[in-house]
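See below for the structure under consideration.
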Amino acid sequence: MAPLRGYTVVDLSTGIAGAYCTKLLTDGGARVIKVESPQGDPLRQWSASGAAIDGDGALFGFLAGGKHSVVAEAGDADLVNDLLAATDAVVWSRGSAVAESFTPTALRESHPHLVVTSITPFGLEGPWCDRPATEFTLQAWSGGIVGLGRGSADRAPVFVGGQVGDYLAGAYASAATLASRMRQMETGSGELLDLSMLEAHILGLTYYP
């Protein structure tokens, strides 16, 4: 039997990190409900070349396989809250009108039974919490890239492709969610997990380990 059978997760994230986190939970047997806008998740139309896609792209198919999809808009708070009331965990990140109509703190206060996993570039608090970032800038801020540094000073910066940092953040978020699940099973109460993507980059892409 799948180890996470009976475990339900609502995915309020946008981007690879949250999608990979919930994919790993799906692979473990969890029931994942992806909340999308009427326009659909942007990853549906992503392609490596930037070419237009007819239907859903391969990346979205990989990350969303086995998940359920629910369409909601920013004003559909009651619908989302009804979903959350009957679930065990929620994965949240900025990037969609639906997600940004909630905050992780508000989700935790409204649904104390939930494990709320927040994925942001620099965490929810601190002087950089609202600072914009991309995979490229996070790699730069993390320090060196394993074995490469940032390249030669007289050449363009070295960039590890494939958005590997997003996948690292998703893996850490998944592990943290599962660790919190054990506490949730013992106490009946959830908690707020504040994952910084920069810290995941530092842990996985530098000599820190």
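The values are calculated or read from the model by the stated rules, or taken from the named source; none is laboratory data. Remember, it's a predicted structure, so these values are computed and weren't measured experimentally. Neighbour counts run over all protein chains shown; Cβ positions are idealised from the backbone, glycine included. Each accessible area value is taken on the protein alone, full model and side chains, heavy atoms only, with ligands, DNA and RNA left out. Shrake-Rupley method; radii C 1.70, N 1.55, O 1.52, S 1.80 Å.
Among the residues of segment 180-207, how many are closer than 19 Å to residue 4 by Cβ, under 16 Å from the mean Cα position of the chain (by Cα) and open to solvent by 60 Å² or more (accessible area, probe 1.4 Å)? Of the residues in that region, 0 qualify.
Scanning segment 61-70 for residues being of a type in the set (A, V, I, L, M, F, W, C), loosely packed, with under 15 Cβ neighbours inside 10 Å and in contact (Cβ under 8 Å) with a residue 40 or more places away in the chain gives a total of 0. Annotation note: Cβ proximity below 7 Å between a residue of segment 99-128 that is on the phi > 0 side of the Ramachandran plot and a residue that is outside any loop (DSSP other than H, G, I, E, B) and modelled with pLDDT of 95 or more (sequence gap 6+ or interchain) occurs for 123/194; 123/196.
Among the residues of segment 7-57, the ones that are on the phi > 0 side of the Ramachandran plot and either at pLDDT 95 or above or among the hydrophobic types (A, V, I, L, M, F, W, C) (or both) come to 1 in all.
Identification of helices (runs of 4 or more DSSP H) wholly contained in segment 1-101 with 2 or more residues that are closer than 23 Å to residue 165 by Cα yields 16-27, 58-64.
The lone criterion from (1) closer than 25 Å to residue 73 by Cα; (2) touching a Gly at 6+ places or on another chain (Cβ under 9 Å) left unmet by residue 132 is number (2). Return a yes/no flag: does segment 71-93 have any residue that is under 17 Å from the mean Cα position of the chain (by Cα), farther than 14 Å from residue 116 by Cα, open to solvent by 20 Å² or more (accessible area, probe 1.4 Å) and not polar (S, T, N, Q). There is no residue in segment 71-93 that is under 17 Å from the mean Cα position of the chain (by Cα), farther than 14 Å from residue 116 by Cα, open to solvent by 20 Å² or more (accessible area, probe 1.4 Å) and not polar (S, T, N, Q). Please tell me if residue 74 is within 24 Å of residue 109 (Cα to Cα) and either in contact with an Asp or Glu (Cβ under 7 Å, 6 or more places away or on another chain) or at pLDDT 95 or above (or both). Spelling it out, it is not the case that residue 74 is within 24 Å of residue 109 (Cα to Cα) and either in contact with an Asp or Glu (Cβ under 7 Å, 6 or more places away or on another chain) or at pLDDT 95 or above (or both).
For the condition within 26 Å of residue 90 (Cβ to Cβ), outside any strand (DSSP E or B) and in contact with a helix residue (DSSP H, G or I) (Cβ under 6 Å, 6 or more places away or on another chain), residue 176 does not qualify. When 125, 109 are checked against the criterion of being loosely packed, with under 14 Cβ neighbours inside 10 Å, of a type in the set (D, E, K, R) and assigned to a loop (DSSP other than H, G, I, E, B), a single residue qualifies: 125.
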